[in-house]
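The values are calculated or read from the model by the stated rules, or taken from the named source; none is laboratory data. Quantities reported herein were computed from a predicted structural model and do not represent experimental measurements. Areas reflect the complete protein model, heavy atoms only, side chains present, ligands, DNA and RNA absent. Shrake-Rupley method; radii C 1.70, N 1.55, O 1.52, S 1.80 Å.
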Amino acid sequence: VIDRKPRQLSDAQRAVLGHLGRAAAALLEARRDARRLIESQSRFGALTELAPVGVYAADAEGLCTYTNPHWQEIHGLSLAESLGRGWTRILHEADRARLGQAWRVAIERRQVFNETFRIRRPDGQERHVRSRAATHFAPDGRLLGYVGTVEDVTEYLDLARRLQDEQQYLASIIDGTGAGTWEWQLDTGLLRINDRWAQMLGRSVEELGPVRFETWRDLIHPDDRAAVLAEVERHLLPGAPRYDCEYRLRHAQGHWVWVHAIGKVRSRRPDDWALSMV
């Protein structure tokens, strides 16, 4: 190919040079792509190392290929222990079948996998985790694998259960006293009332429809209305004691019902403007 004087190339030689040129170009492009892949993997690794959630990846067969340190901390497993199907050994027995079915459905329908389930860590702790994973495909539609996140939601679920128990406890107290309850949102003017509040007036919550401040105001006896509204205005001022007032409301059958209403501002804006009253 290289000589001290010009020569003529045969067709075979030209073909060989063409092959060599394409091979050289392919090698250069492969080196460029490899460098980009390494940079991309480095960025991915740096991001997942700092991520506040567990991050994992799986291949097209569903075998785990990567977990970040936070994932390992949540599950109590090392990177080596989490790879392949190693992580499945800590799944709670009662959740295995359901989880496997949900994973298969997500794959078949190409949907996001989003499930909460239990694990039993090697140290004996039982934890609740929420996992979300999405599939990623090649340009030709071929499944490449999955990337997902995991969060430990044990404390969140415990708090939600305690809150539900507290709400049921308070509801049982209110039902036991037979009191009507109301909550007034001053920015929208809407009132949320319970069944007992409506029943005292021979009505239902559904019958009253969206209850607004004007709905309640128009039910007040005309002789009592000015004094009641003035008491409300006084209570809305910062530092005012609780709202405490007796007045008459119109029953669905036309007669008047005496009520004893007690309330208090529940929340205010930074400028002390009242936002809600209960």
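General observations
- Against the chain, whose longest principal axis is taken from its Cα atoms, helix 96-109 shows a tilt of about 70°.
- Each part reduced to its alpha carbon centroid, region 127-204 and region 81-102 end up 28 Å apart.
- Percent RCO, i.e. relative contact order, over the chain, from Cα pairs under 8 Å lying at least 6 residues apart: 10
- Computed [θ] at 222 nm, helices only, for the chain once each DSSP H run of length n ≥ 4 contributes -39500 (n - 2.57): -14000 deg cm²/dmol
- The chain: C-alpha gyration tensor shape, a/c 1.5 cut-off, then a/b vs b/c: prolate
- Rolling a 1.4 Å probe across the protein heavy atoms gives the chain an accessible surface of 66 Å² per residue.
- Accessible area of the chain belonging to carbon and sulfur atoms, whole % at 1.4 Å probe: 55
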